[in-house]
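Visitor: Structure provided below as structure tokens; questions to follow.
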Amino acid sequence: MKKEIHPKSYRTVVFKDMSNGYTFLSRSTAHSSETIVWEGDGQEYPVIKLEISNTSHPFYTGKNVLVDTAGRIDKFKKRYEKKAK
């Protein structure tokens with residue numbers, strides 16, 4: 001591996017899947033202004049919100065569940081309905 005190319009500012013953060021509320025603790029360089037208290041040790045950590053994770057993705061769950069975040073499917077349909085007319 002090349003030296004001096006990896007970030008040194010890793011910190012412990014909580015990742016939260018917003019589609020089902022699942023949280024897990026890991027390390028990241030991602031920045032967040034929001035914090036959350038982790039149930040495991042009672043300490044406060046920055047929280048990174050995810051739209052989808054391995055606990056809600058159809059590939060990992062084996063269920064074909066459609067996750068529509070912010071009405072993207074409706075926006076897509078409206079956009080292409082106008083062009084089809």
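Visitor: What number of residues in the stretch 21-53 are part of a loop (DSSP other than H, G, I, E, B) and surrounded by 14 or more Cβ atoms within 10 Å (Cβ to Cβ)?
Guide: Qualifying residue count, the stretch 21-53: 5.
Visitor: Go through the stretch 1-20 and count every residue that is at pLDDT below 90 and either within 24 Å of Gly71 (Cα to Cα) or part of a strand (DSSP E or B) (or both).
Guide: Going through the stretch 1-20 one residue at a time, the tally reaches 3.
Visitor: Further, regarding this structure: Would you check if Tyr22 is more than 22 Å from Ser56 (Cα to Cα) and of a type in the set (Phe, Trp, Tyr)? Give the derivation first.
Guide: Details: more than 22 Å from Ser56 (Cα to Cα): no; of a type in the set (Phe, Trp, Tyr): yes.
Spelling it out, it is not the case that Tyr22 is more than 22 Å from Ser56 (Cα to Cα) and of a type in the set (Phe, Trp, Tyr).
The values are calculated or read from the model by the stated rules, or taken from the named source; none is laboratory data. Source: prediction; values computed, not measured. When we count neighbours, we look across all protein chains shown, and the Cβ atoms used for this are built from the backbone with ideal geometry, even at glycine.
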